[in-house]
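These notes are about the structure you will find just below.
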């Protein structure tokens, strides 16, 4: 065997002469070039793009890997501590001016119910997520929500709130 470029060629290869000629070169306005113009790279890349015959099937299978759990009930002590922290946050973010001045950075762990209608956990279980950001407002009376950055979280879904310095 001997090598041409990086491809090993076996001895007695039948098409060695064709291989050695290389890629055909078309010059000027020859007939082949006019019938078969070169394809731009963007369109050529589209030819080799993966084809998804079952659109969304991969996401549906991946959604089955998500583990959901039951909502945990907080003990009386944990509930009191959470209410104390919410009251302190409420004082620090009583209005938008105070919230901008204090810039209270919090980490909130909260429960999110399963929203996948194809899951057996839909409406029964969920999972706990954590969000870290600037607390914008706390409204325990009317909307019963806390705003962290642009997210609005129901107070009843919160299981823990931490702050960079202690609340």
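Please treat every number below as a calculation from the coordinates, not as lab data. Note that this is a predicted model, so its numbers are computed, not measured. Quick reminder, even Gly has a Cβ in these numbers, built from the backbone with ideal geometry, and neighbours come from all protein chains shown.
Miscellaneous remarks
- For region 76-163, the average shadow cast by the Cα convex hull is 6.2 nm², which is a quarter of the hull's surface.
- Debye-formula intensities of region 1-108, expressed as log10 I(q)/I(0) at q = 0.14, 0.20 Å⁻¹, are -0.99, -1.12 (one equal scatterer per alpha-carbon, no solvent).
- Computed from Cα positions, the angle between helix 76-92 and the longest principal axis of the chain comes to roughly 80 degrees.
- Once the Cβ-Cβ distance of residue 142 and residue 116 is raised to the sixth power relative to R0 = 35 Å, the FRET efficiency obtained is 0.70.
- Gained length - residue 13 relative to residue 74, 0.36 nm times residue gap less alpha-carbon distance: 14.3 nm
- The chain, helix-only ellipticity at 222 nm - DSSP H runs n ≥ 4, -39,500 (n - 2.57), divided by all residues, nearest 500: -8000 deg cm²/dmol
- Simple label model, 7 Å out from Cα along Cβ direction - residue 97 to residue 26, nm: 7.4 nm
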